[in-house]
């Protein structure tokens, strides 16, 4: 059964909560809730008491996040000296590697398949496989000469029902990682103006990824790709990678700019308190006093 967005939201909410929570959770009236639940009951996706049936859980499988892919091959040169001996995702913040916050958030959301595409000082990631047996390491042999599109190329056939994320995002709010998503999306904070990478959108749908903009969304490079959009990416990435200058691009130029008419990526709004980007050593020092020299 193809679910509407409201039916999807209701079914996901009912997995953990009871029917009487739907009005507040979905901002609906009692009559609207009854209207949403009627086809779910008729299709036997929920029972008479509003509990999700096995058939309902099976229906949600189409929307379940099956894996997380971390692109972790870069040098992290702007974070030196912290990255002289470890790759940026393995730099410790408050005693724990940056990437561990994201891995643990993903595991808490029930996502058990985790890939890390490594390059610079890649052996440092070996310790993660001992702590998190769900982690699988993928080598990027082109990391020294290409942008992160080369990392995406190594895992391009794994991007269906998948989070694809930069590995150096510090997750402050683990709830950023969800078990289900209705559609492909990217994480963004609404801003009036920014000089950083941002998303221009129309009616909540991403139209273009640009450097600097107004009345846009500051981009955090944590994407979810649906089964449909993820299936399109291998051919898109292969074609883009083979073009002149393609090896120097960020991977998300493919779905966000070059082939955006083929994809449907919505903006998933968050706030700056939910997630942090640590681009420079000064920002690292401001975040963690252990890096401040007295």
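Might you let me know whether segment 270-288 holds any residue that is more than 17 Å from residue 98 (Cβ to Cβ) and not in a helix (DSSP H, G or I)?
Yes, segment 270-288 contains at least one residue that is more than 17 Å from residue 98 (Cβ to Cβ) and not in a helix (DSSP H, G or I).
Which ranges mark the strands (runs of 3 or more DSSP E) fully within segment 116-205 that have 3 or more residues being closer than 22 Å to residue 255 by Cβ and within 16 Å of the chain's Cα centre (by Cα)?
162-166, 184-202
Of the residues that make up segment 63-74, is at least one at pLDDT 95 or above, farther than 30 Å from residue 141 by Cα and more than 27 Å from the chain's Cα centre (by Cα)?
Checking segment 63-74: not a single residue is at pLDDT 95 or above, farther than 30 Å from residue 141 by Cα and more than 27 Å from the chain's Cα centre (by Cα).
So that you can scan it fast, the table gives a plain yes or no per residue for (1) free of Cβ contacts under 8 Å to residues at least 40 places away in the same chain; (2) surrounded by fewer than 13 Cβ atoms within 10 Å (Cβ to Cβ):
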site	(1), (2)
15	no, no
26	yes, no
58	yes, yes
64	no, no
107	yes, no
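Does residue 69 qualify as being surrounded by fewer than 20 Cβ atoms within 10 Å (Cβ to Cβ) and outside any loop (DSSP other than H, G, I, E, B)?
Against the criterion (surrounded by fewer than 20 Cβ atoms within 10 Å (Cβ to Cβ) and outside any loop (DSSP other than H, G, I, E, B)), residue 69 does not qualify.
The values are calculated or read from the model by the stated rules, or taken from the named source; none is laboratory data. Values in this document were obtained by computation on a predicted structure and should not be read as measured data. Heads up, the Cβs are rebuilt from the backbone with ideal geometry, glycines too, and the neighbour counts pull from every protein chain shown.
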